[in-house]
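The block underneath contains the structure these notes are about, expressed in C-alpha cells.
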Amino acid sequence: MEVIKHIGHMQIRNRGTVVGSIAHADPAAELPALLTCLNGEVLAQSIHGERVIKAEQFFTGYLTTALEPGEMLTEVRFPWILPQAGWSFMEFARRAGDYALVGAAAVLTPAPDDTCMSAHIAYLGVAGSPIRASAVEQLLVGTTLDQRALDAAAEAAREIVSEDMSDVHATVEYRRVLTGELTKRVLRAAWERRGH
C-alpha cells in the first residue's frame, strides 16, 4: 500500500494494472523499482511456452524489457519479506500523482545483534531503468545504520544517477542531491520499522 498510494491519481490506479505498469517499464514508475528491490520475477508467455525472468534481467533500458516478439507478460511475482525486516518507500515528485523525479524502495533485515544483515535498495527516476544499488547495500551490511553509514550510503547513491538524466523537470545535479537525501530518509524509515 505504501508504494501504491504514490502511483498517479485514483482514476489511474483504478484503470491501470500491476502487470501493465511492469511491462511498460517506465524508469520513473514505482512498481518496476519495487520489483527490482525485492528480487521479483515475471512470467512471460507465448505460443512457444512460458519463461520466468528475474527483475534484474527484465528491465533492459528506457521503456524496454527482455520480452521477445510474440511474448506477453502474464504474471508478476513479488516475494515475501522476512517478518523482522524493515521496509520503506519514498519519492520526490513535483505534485502528488506526478511521476517522481527520484524515488527509492528499501528493505533492511537485521541480524540477531541488531546490525544490518542484508540490505536491498532500488531507485526510480535516476537512470533509463530501475536501478538496484548494490554498492549502497554493501556499505550498510554490518552497521547499525548510524549517521556515518547513512552519509556513506547517500554519497554512493548520488553516483548512480545517470549523466543523461537532465530534463525539463530537474538537472542531473539536482537529482543527485535528491537521491542522497532520499537515501538517508528511506533507510532511516526502513530501519525504524524493523520487526514491526
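Taking residue 168 as meeting all but one of (1) among the aliphatic types (A, V, I, L, M); (2) surrounded by 15 or more Cβ atoms within 10 Å (Cβ to Cβ); (3) out of contact with any Phe, Trp or Tyr (no Cβ under 7 Å at 6 or more places or on another chain), write down the number of the exception.
So the condition that residue 168 fails would be (2).
Do the conditions hold for residue 128, that is, is it within 30 Å of residue 26 (Cβ to Cβ), small (Gly, Ala, Ser), touching a residue at least 24 places away in the same chain (Cβ under 8 Å) and in contact with a strand residue (DSSP E or B) (Cβ under 7 Å, 6 or more places away or on another chain)? Please lay out each step first, then the result.
Numbers: within 30 Å of residue 26 (Cβ to Cβ): yes; small (Gly, Ala, Ser): yes; touching a residue at least 24 places away in the same chain (Cβ under 8 Å): yes; in contact with a strand residue (DSSP E or B) (Cβ under 7 Å, 6 or more places away or on another chain): yes.
Here the answer is yes, as residue 128 does meet what is asked.
Being at pLDDT 95 or above, under 30 Å from residue 171 (Cβ atoms) and touching a Phe, Trp or Tyr at 6+ places or on another chain (Cβ under 8 Å) is the requirement here; does residue 31 meet it? Write out each step before concluding.
Values: at pLDDT 95 or above: yes; under 30 Å from residue 171 (Cβ atoms): yes; touching a Phe, Trp or Tyr at 6+ places or on another chain (Cβ under 8 Å): no.
The answer is no for residue 31.
Applying the selection to segment 171-183, what residues are surrounded by fewer than 17 Cβ atoms within 10 Å (Cβ to Cβ) and under 30 Å from residue 82 (Cβ atoms)?
181
Which members of segment 1-28 meet the condition of being farther than 16 Å from residue 99 by Cβ and either in contact with a His (Cβ under 7 Å, 6 or more places away or on another chain) or open to solvent by 50 Å² or more (accessible area, probe 1.4 Å) (or both)?
To start, the set of residues in segment 1-28 that are farther than 16 Å from residue 99 by Cβ comprises 1-2, 10, 14-15, 17-19, 23.
Once the filter is applied, which keeps residues that are farther than 16 Å from residue 99 by Cβ and either in contact with a His (Cβ under 7 Å, 6 or more places away or on another chain) or open to solvent by 50 Å² or more (accessible area, probe 1.4 Å) (or both), segment 1-28 yields 1, 10, 14, 15, 17, 18.
Residue by residue, here is whether (1) touching a strand residue (DSSP E or B) at 6+ places or on another chain (Cβ under 9 Å); (2) touching a residue at least 60 places away in the same chain (Cβ under 8 Å); (3) of a type in the set (Phe, Trp, Tyr); (4) under 29 Å from residue 180 (Cβ atoms) holds:
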position	(1), (2), (3), (4)
23	yes, no, no, no
50	yes, no, no, no
60	no, yes, no, yes
71	yes, no, no, no
74	yes, no, no, no
86	yes, yes, no, yes
99	yes, yes, yes, yes
102	yes, yes, no, yes
107	yes, yes, no, yes
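What are the residue pairs meeting all of these: first residue in segment 177-196, first residue under 11 Å from residue 107 (Cβ atoms), second residue surrounded by fewer than 17 Cβ atoms within 10 Å (Cβ to Cβ) and at pLDDT 95 or above, Cβ atoms under 8 Å, and 6 or more apart or on different chains?
The qualifying pairs are 194/84.
Select the helices (runs of 4 or more DSSP H) contained entirely in segment 9-51, then report the ones holding at least 2 residues which are under 14 Å from the mean Cα position of the chain (by Cα).
The helices (runs of 4 or more DSSP H) meeting that bar are 18-24, 30-37.
The values are calculated or read from the model by the stated rules, or taken from the named source; none is laboratory data. The shown structure was predicted, so the numbers you read here are calculated from the model rather than taken from an experiment. All Cβ positions, glycine included, derive from the backbone under ideal geometry; neighbour counts span all protein chains shown. SASA here: full protein model, heavy atoms, side chains in, ligands and nucleic acids out. Shrake-Rupley method; radii C 1.70, N 1.55, O 1.52, S 1.80 Å.
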